[in-house]
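Engineer: Take this structure, written in C-alpha cells, and hold onto it; I'll ask about it next.
What follows is calculated from the coordinates using simple rules that are stated; it is not laboratory data. This is a predicted model, so every value here is computed, not measured. Glycine gets a Cβ as well: all are built from the backbone with ideal geometry, and neighbour counts include every protein chain shown.
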Amino acid sequence: MGTEAIFRKEQAMNTGEVVILGAFVADLAFKAPRLPIIGETLLGQGFSSGPGGKGSNQAIAAARAGAKTAMITRIGRDTFGTLALDTWSADGIDTSHVAIDESAATGAAFIFVATGTGDNAIIVEIGAAARLTPADISAAEARIAGASVFLTQFEQPLDAALAGLRVARAHGVTTVLNTAPAIPVDDDIYGLCDYVTPNETEAATLTGIDTSTDEGVVQAARCLLAKGARNALITLGARGALLHGETGTHMVPAFRVENIIDTAGAGDAFNGGFVTALAEGRAPLQAVHFAMAVAGLAVQKPGTGPAMPSRAEIEDLLRTTKEHRHHASKSVTD
C-alpha cells in the first residue's frame with residue numbers, strides 16, 4: 001500500500017462513515033471546440049474514458065478526502081461493471097451493498113468538453129442503477145443506520161432515494177440530497193433533508209426563481225427551506241456557494257483557480273468533500289470551505305472520478321490559502 005493510500009486509511013479510521021446511494025457510469029469524454037449540430041460530424045481534439053456517475057464520483061471524492069465510505073448501487077456483469085469494482089477497491093470503498101444485475105448493462109455517459117473553456121454538456125444512461133428499488137435500501141439499512149452522513153441524488157429512481165432518506169432520518173443520520181439532475185418532485189422529499197445541494201441551474205429549475213444574481217440565489221434558498229429542507233447549499237461555479245439555513249445566510253467564494261481543465265466533476269467533488277467534513281464533525285460553514293477546496297482541485301485535472309484530490313492535496317491547499325479559510329465568507333442579511 002502506497003503512502004497516500006495509508007494516509008487515506010488512517011484518516012478514514014478517525015471519521016464517521018459516509019454512505020452514498022447513487023449510480024456508476026463509464027464516462028466517455030470527447031473534447032471539441034463546440035457541440036455538432038444535427039447532421040454534422042466534427043473532428044474531436046481529445047478523448048478519454050474512465051469511471052463516472054454522480055454517486056460513484058461523490059464516493060471517490062469522499063474516500064480520497066478521508067471518509068470511510070460505502071456505496072449502494074447496481075451494476076451489470078460486464079466490462080464497465082468490472083471497472084466500477086476495480087475503481088472502488090482502489091480507494092477502499094465498501095461495496096457490500098453493490099448488487100450485480102444479470103440482465104442490465106452498467107451505465108455510460110457521453111461528456112462533451114469545450115476545449116476553449118472546459119465547460120461541459122453530458123448525456124447519461126444509468127443502466128443497471130435504474131433498477132434500484134426500496135428493497136436495495138432495506139438490505140442496506142444497518143449500514144445506513146451506522147453512518148454519520150447519508151448522501152443521494154436524482155440519477156437513480158426517486159423511490160430508492162426517498163427510501164434511503166427515510167431510513168437515514170429514522171436512524172438520526174444526517175441527510176444530504178444533491179438534487180441533480182433536477183426533476184419535478186413533491187415537496188415531501190425536502191422534509192427528509194438536512195441539506196439540499198443544487199447548483200444554481202438546478203435551484204432555478206426546482207424553485208422557478210432566477211438565480212443569476214446573488215439576491216435571486218438567496219430567494220431560491222429561502223424557497224427550498226419553505227419546501228421543508230433544513231438547509232440549502234447552492235453551488236454557483238466560479239461565484240462560490242450560498243449556505244442558507246440554521247446557521248444564517250453565508251456567501252462563500254470559490255478558490256481561485258488559474259488552470260481549469262475540466263469542470264465535469266466539480267459538483268460531485270464538492271458534495272463528496274462536504275459530506276466528509278460533516279462526518280468529521282466540522283461545522284457547516286467549515287464544511288463548505290473544505291468542499292470548496294476539493295472542487296477547486298478537481299477542476300484542475302481531466303475526468304470526473306479520477307480527478308478527485310487526495311486528503312494531502314486538500315490539506316495543502318487549505319494551508320496555503322489561510323486567508324480564504326478565515327476571511328473569505330461573508331454573511332448575507334436575511
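Engineer: Against the globular-protein guess of 2.2 N^0.38 Å, express the Cα radius of gyration of segment 132-230 as a ratio, rounded to two decimals.
Structural biologist: Here the Cα radius of gyration is 1.09 times the empirical estimate.
Engineer: Here's another thing I want to ask about it. Å³ per residue of the Cα convex hull, for segment 22-114? Spell out each step's value before the answer.
Structural biologist: On the way: hull volume 10.3 nm³, N = 93.
That works out to 111 Å³ per residue.
Engineer: Just rank Phe47, Phe110, fewest to most, by other beta-carbon atoms within 10 angstrom.
Structural biologist: Listed from fewest to most nearby Cβ atoms, that is Phe47, Phe110.
Engineer: Ordered by residue, what ³J(HN,Hα) values in Hz, to whole numbers, does segment 199-216 give under the Karplus form 6.51 cos²θ - 1.76 cosθ + 1.60, where θ = phi - 60° and Gly and Pro are x?
Structural biologist: My calculation for segment 199-216 gives 7, 5, 5, 5, 4, 5, 5, 6, 10, x, 10, 5, 10, 6, 10, 4, 4, x Hz in order.
Engineer: Can you give the extra length, in nm with one decimal, that the chain gains between Thr213 and Val185 once fully stretched, where that is 0.36 nm per residue apart less the Cα-Cα distance? Walk me through the numbers before you get to the answer.
Structural biologist: On the way: separation 28, 0.36 × 28 = 10.08 nm, distance 2.47 nm.
Length gained between Thr213 and Val185: 7.6 nm.
Engineer: Å³ per residue of the Cα convex hull, for segment 159-207?
Structural biologist: Details: hull volume 3.3 nm³, N = 49.
Expressed per residue, the convex hull around the Cα atoms of segment 159-207 is 68 Å³.
Engineer: Please give the contour-minus-distance gain from Asp119 to Leu158: 0.36 nm per residue of separation, less the Cα-Cα distance, rounded to one decimal in nm. Could the numbers behind the result be given before it?
Structural biologist: Numbers: separation 39, 0.36 × 39 = 14.04 nm, distance 2.79 nm.
Extra length from Asp119 to Leu158 when fully extended: 11.3 nm.
Engineer: Report the full-extension gain for the segment Ala170 to Ala145: residue separation times 0.36 nm, less the Cα-Cα distance, to one decimal in nm.
Structural biologist: Here the segment from Ala170 to Ala145 would lengthen by 8.2 nm.
Engineer: Right, next: For segment 83-145, what does the equivalent ellipsoid look like in terms of its semi-axes, each the square root of 5 times an eigenvalue of the Cα gyration tensor, given largest first in whole Å?
Structural biologist: 29, 16, 12
Engineer: Over all alpha-carbon pairs of the chain, lay out the pair-distance distribution in 20 Å bins, whole %, shortest bin first.
Structural biologist: With 20 Å bins starting at 0, P(r) equals 34, 61, 6.
Engineer: Here is a further query. Find which of Ser148, Ala221, Ser56 sits farthest along the positive direction of the dipole of the chain, computed with +1 on the beta-carbon of Lys and Arg, -1 on that of Asp and Glu, about the Cα centre.
Structural biologist: It is Ser148.
Engineer: Further question on the same structure: As a footprinting exposure proxy, order Ile37, Ile144, Ile122 by other Cβ within 10 Å, with the fewest listed first.
Structural biologist: Ranking Ile37, Ile144, Ile122 by Cβ neighbours within 10 Å, fewest first, gives Ile37, Ile122, Ile144.
Engineer: Please enumerate, by chain and number, the aspartates and glutamates with C-alpha under 16 Å from the C-alpha of Lys301, excluding those fewer than 8 residues away in the same chain.
Structural biologist: Asp27, Asp119, Glu258, Asp262, Asp268, Glu313
Engineer: Which number comes out as Rg/Rh for segment 153-302 once both Rg and the Kirkwood Rh are worked out on C-alpha atoms?
Structural biologist: My calculation puts Rg/Rh at 0.94.
Engineer: Normalising by the residue count of segment 209-250, find the relative contact order in percent from Cα pairs under 8 Å and 6+ residues apart. Kindly include the intermediate steps, with their values, before the conclusion.
Structural biologist: Numbers: 48 pairs, mean separation 11.3, N = 42.
About 27 percent, as a whole number.
Engineer: Report the Stokes-Einstein translational diffusion coefficient (µm² s⁻¹, integer) for segment 187-259, Rh taken as the Kirkwood radius over Cα pairs, at 20 °C with viscosity 1.002 mPa s.
Structural biologist: Calculated translational D: 177 µm²/s.
Engineer: Ordered by residue, what ³J(HN,Hα) values in Hz, to whole numbers, does segment 255-272 give under the Karplus form 6.51 cos²θ - 1.76 cosθ + 1.60, where θ = phi - 60° and Gly and Pro are x?
Structural biologist: 5, 5, 10, 8, 10, 7, 9, 7, 8, 4, x, 4, x, 5, 4, 4, 5, x
Engineer: Need one number: % antiparallel among DSSP beta bridges in segment 1-152, to the nearest 5.
Structural biologist: Here the antiparallel bridges make up roughly 40 percent for segment 1-152.
Engineer: Separate question: What distance in nm lies between label points placed 7 Å from Cα along the C-beta direction at Ile260 and Ser96?
Structural biologist: Each label point is offset 7 Å from its Cα along the Cβ direction, giving 4.1 nm.
Engineer: Normalised by the empirical 2.2 N^0.38 Å for globular proteins, what value does the Cα Rg of segment 248-307 take?
Structural biologist: Taking the Cα Rg and dividing by 2.2 N^0.38 Å, one obtains 1.11.
Engineer: Still on this model: In which sequence would Cys223, Cys193 go, from the one with the fewest C-beta neighbours within 10 Å to the one with the most?
Structural biologist: Cys223, Cys193
Engineer: For segment 218-327, what number results from the quotient of the Cα radius of gyration and 2.2 N^0.38 Å?
Structural biologist: Working it through for segment 218-327, the quotient is 1.04.
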